[in-house]
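Contents: one structure, followed by commentary.
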Amino acid sequence: MTSVARAGAPGRRLGVLISGRGSNLQSIIDAVAEGRLDAEIAVVMSNRPAAFGLERARAAGIPTAVLEHRAWPSRDAYDEALAQALQAQRVDYVCLAGFMRLIGPALLNAFPDRILNIHPSLLPAFPGVDAQAQAVAHGVRVSGATVHLVDAGLDSGPIVAQRAVPVSPTDTADTLSARILDAEHRLYPEALATILAGGWRIEGRRLILPPTAARPDVV
Ligand code: GRF
């Protein structure tokens with residue numbers, strides 16, 4: 001699909017950062033291929049050479065790059081290298097898709113309000129690792145998935161879209177993870193489309209969508 005940059009607005013070239021299996025990456029690849037998401041995946045980058053998501057990208061003909069964080073002396077230096085590599089590919093928006101690294105100022109400042117993440121809970125509940133196990137242990141009746149803009153905090157940036165997923169009394173972390181993952185795969189491409197459609201603004205910690213925007217938050 002051809003990417004057309006609109007005057008005065010960022011274009012639609014995505015850089016996707018992964019660390020592992022890459023099923024959310026696959027959902028974005030599929031959405032682009034099926035015409036549900038008007039965007040171009042410019043590059044997929046991983047901090048782990050063995051990430052299965054790299055194979056998914058190669059199978060789809062998407063350029064890949066591996067930047068192993070251990071090869072850089074500090075987090076700042078690593079983030080600077082990521083920012084430069086993404087800018088070299090003329091990336092407009094960065095999508096974190098199971099990228100197991102905190103994002104520091106060097107990368108945040110290179111893509112202000114243009115880094116998105118998906119998290120397997122209804123934030124601000126259960127940030128950080130093992131969100132699904134946290135939800136089961138807490139005994140919540142409803143959990144879900146959140147797509148948010150990334151800021152300097154942990155899973156704390158403005159919320160773009162959420163989708164609720166029921167928690168059953170017999171759920172384990174694994175069964176709940178599978179159900180939430182299914183919701184994630186539908187939510188991430190839809191939330192990305194909402195962001196790429198533009199017209200939104202940030203007030204305080206709220207992301208305000210235009211009244212006409214598609215709302216992916218179907219509960
Ligand atoms: C997903 O559950 C996502 O919400 C979280 O990490 C997991 C990545 O899975 N941030 P995958 O690599 O996209 O399959």
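For the chain, the per residue solvent-accessible surface stands at 48 Å², with DNA, RNA and ligands left out and a 1.4 Å probe.
Dipole size of the chain about its Cα centre, with +1 on Lys/Arg Cβ and -1 on Asp/Glu Cβ: approximately 220 debye, rounded to the nearest 20.
Between L209, A152, A173, the Cα set farthest toward the positive side of the dipole of the chain (charges on each charged residue's Cβ, about the Cα centre) is that of L209. Only protein heavy atoms count here; under a 1.4 Å probe, V165 has an accessible surface of about 10 Å².
Amide H contacts for V160 (H built 1.01 Å from N in the peptide plane; partners 5 or more residues away or on another chain; cut-off under 5 Å): V147, H148, L149. Annotation: the chain has a Kirkwood hydrodynamic radius of 17.6 angstrom, from the mean reciprocal C-alpha pair distance.
Classify the range 11-112 from the C-alpha gyration tensor, please: rounded if a/c falls under 1.5, else prolate or oblate depending on whether a/b exceeds b/c. Verdict is oblate for the range 11-112.
Probe radius 1.4 Å, ligands and nucleic acids ignored: give me the carbon and sulfur share of the accessible area of the chain as a rounded percent. Of the solvent-accessible surface of the chain, carbon and sulfur hold 54 percent. When the Cα gyration tensor is reduced to axis lengths a ≥ b ≥ c, the ratio a/c is 1.5 or higher for the range 32-89, and with a/b not above b/c it is classed as oblate. Accessible area ranking (1.4 Å probe, heavy atoms, ligands and nucleic acids excluded), largest first, for R70, R186: R70, R186. Checking the a/c ratio against 1.5 first, then a/b against b/c, what shape does the Cα gyration tensor give for the range 103-178? It is prolate, given that a/c is not under 1.5 and a/b is the larger ratio.
Contact order, relative form, for the range 58-129: 28 percent (alpha carbon pairs under 8 Å, 6 or more residues apart, mean separation divided by residue count).
Across the range 61-219, C-alpha contacts under 8 Å between residues 6 or more apart give a mean separation that, scaled by the residue count, equals a relative contact order of 18 percent. A Förster distance of 30 Å, applied to the separation of the beta-carbon atoms of T175 and A65, puts the FRET efficiency at 0.30. Between L122 and G144, the built amide H atoms are under 5 Å apart, and every one of these is 5 or more places off in sequence or on another chain.
The values are calculated or read from the model by the stated rules, or taken from the named source; none is laboratory data. This one's a predicted model, so the numbers in the text were calculated from it and none came from an experiment. Note that each Cβ is placed from the backbone with ideal geometry, even for glycine, and that neighbours are counted across all protein chains shown. Just so you know, the surface numbers come from the protein's heavy atoms only, side chains and all, with ligands and any DNA or RNA stripped out. Shrake-Rupley method; radii C 1.70, N 1.55, O 1.52, S 1.80 Å.
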